[in-house]
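Have a look at the structure below before the remarks.
The values are calculated or read from the model by the stated rules, or taken from the named source; none is laboratory data. Quick caveat, the model's predicted, so the values are computed rather than measured. Cβ sites come from the backbone with ideal geometry, for glycine too, and all protein chains shown count toward neighbours.
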Amino acid sequence: MRSTHSFGVDFILRKCKGDEKYGLIYARITVDGERKEISIKEKIECGDWDSRREQVKGKGKEVQGINGAIEDVRFRIREKYRTLIGSGALITAESVKDAYLGVHTKQKGHKLIELTEYYKKIWEPKLREGGFKNYRTTIDYIRRFLASQNDSGDMYLSQLNMQVATEFEFFVRNNPVKAYDPCLGNGVAKHVQRLKRIVNWGVEIEWLQKNPFEKYSCPVRKSKRKKLSFQQLVLLERKVFQSPNLNYVKDLFLFSCYTGLAFVDVMELKNEHFETDDKKAWCKIYRMKSDVLSPVPLLNKASEIINKYKDHSESRQRARIFAYITNQYVNRCLKHIQEICEIDIPVTFHVARHTFAKTVALKNGVPLETVQIMMGHTKITTTQIYADVDEEKILDDMQGVEQEITRKRSLVIGA
């Protein structure tokens, strides 16, 4: 952090216990209101002390020697304070006192950059590409934030506090990695959450005693997940486009609507991911993002789409169910499909996953815990996002209420 500390060195006289005629001279260090005192081992008569000038009265050699020692101590304390500032170390009255006395405090242990590098070393190999990419961006923000705070471009873990969390959030909001793509709202909250998780991991490996950001709050605003209604889903099924590419993208999108698979998982589907038992055909794949098994019983429409494409030459060539296409191109095509079909929400491939969770599964009575397993979510709280009450459900729940009220009213009047 750049220095915004209040700092001062004063000298005071404390009367000796048992003989209040004499007193001992102390240097008092004050940093941000915190005080620590150091005895300079000089004893004088209390009447000889000038509290305003902070020195001993008189001009004798002994007096000059004591006053010289006072100024020397003042100079050396200030020098230690400046050294601590330059090194980016923790600045407190205690740390300045320890620096002056030559005590090497334990607070200089691990630093934040060291923690992020170790976190990356341990966790990046454990997660698939999609599971760690956002952490890379957060770590980049942490590095850029620290570079803006002090010359060392780093910070001791013992320096972390609520102010650091506040300034990190402010930095992310006002210093986007890409100038044309500012990070706002939930994007900022996610970076703060990931910073807190990294620091909390530091507690787990005992680099910190507690998470100084534990009580810092930058909540994610709950947004309404966009999904197709059942009417829109049927409309899209029946739509035939002149462009073969649009028809292919439409089928990929519909396949995700009926399986809940993410785009990267759809592109990686192989024959070995499908099993058939006495009752049903299954798609069983470990999700690329979380490496969690996602078992989904295939609905008829999903099976039709697989049979339509699995024997195409491009599919056989890459040993996958579907011919390769990029996510960016798919989303561009979906924008055209949205306009042609006059769908009133922005349509991206991820909307298909939302549609499976809510329109296909939850609204047809599938329990939340089952949806969690099929979606490959590691936490049910992630799945609960899709279970929010929307206007359509409110209308469904309120059906018949007006008639029931009218019936009860007539009974009361008749009585």
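Observations, loosely collected:
- Criterion violated by LYS227 - all others in (1) of a type in the set (D, E, K, R); (2) touching a residue at least 60 places away in the same chain (Cβ under 8 Å); (3) within 30 Å of PHE171 (Cα to Cα) satisfied: (3)
- Qualifying residues in region 238-288 (those that are free of Cβ contacts under 8 Å to residues at least 24 places away in the same chain and basic (Lys, Arg)) - the one nearest to ARG353 (Cα to Cα): LYS284
- Residue within region 168-184 that is out of contact with any Leu (no Cβ under 9 Å at 6 or more places or on another chain), closer than 22 Å to PHE132 by Cβ and among the small types (Gly, Ala, Ser) present: no
- If you go through region 187-224 and keep only what is free of Cβ contacts under 8 Å to residues at least 40 places away in the same chain and closer than 28 Å to CYS341 by Cβ, you end up with just SER223.
- Taking each residue of region 361-382 that is under 15 Å from LEU293 (Cβ atoms) and touching a residue at least 60 places away in the same chain (Cβ under 8 Å) and looking for partners that are part of a loop (DSSP other than H, G, I, E, B) and of a type in the set (Gly, Ala, Ser) with beta-carbon atoms closer than 7 Å, six or more apart or interchain, yields MET374/GLY260; MET375/GLY260; GLY376/SER290; THR378/SER290.
- The residue of region 131-149 that is farthest from ILE85 (Cα to Cα), among those that are among the basic types (Lys, Arg) and modelled with pLDDT of 90 or more, is ARG136.
- Residue that is surrounded by the most Cβ atoms within 10 Å (Cβ to Cβ), among those in region 261-285 that are more than 16 Å from LYS310 (Cα to Cα) and in contact with a His (Cβ under 9 Å, 6 or more places away or on another chain): ALA262
- Only a single item in (1) without any contact (Cβ under 8 Å) to a residue 24 or more places away in the chain; (2) surrounded by 13 or more Cβ atoms within 10 Å (Cβ to Cβ) is not met by GLU314, and it is number (2).
- Residue within region 327-345 that is farther than 30 Å from ASN134 by Cα, of a type in the set (Asp, Glu) and surrounded by fewer than 16 Cβ atoms within 10 Å (Cβ to Cβ) present: yes
- Of all residues making up region 317-349, the number that are in a loop (DSSP other than H, G, I, E, B) and either in contact with a Phe, Trp or Tyr (Cβ under 9 Å, 6 or more places away or on another chain) or in contact (Cβ under 8 Å) with a residue 24 or more places away in the chain (or both): 12
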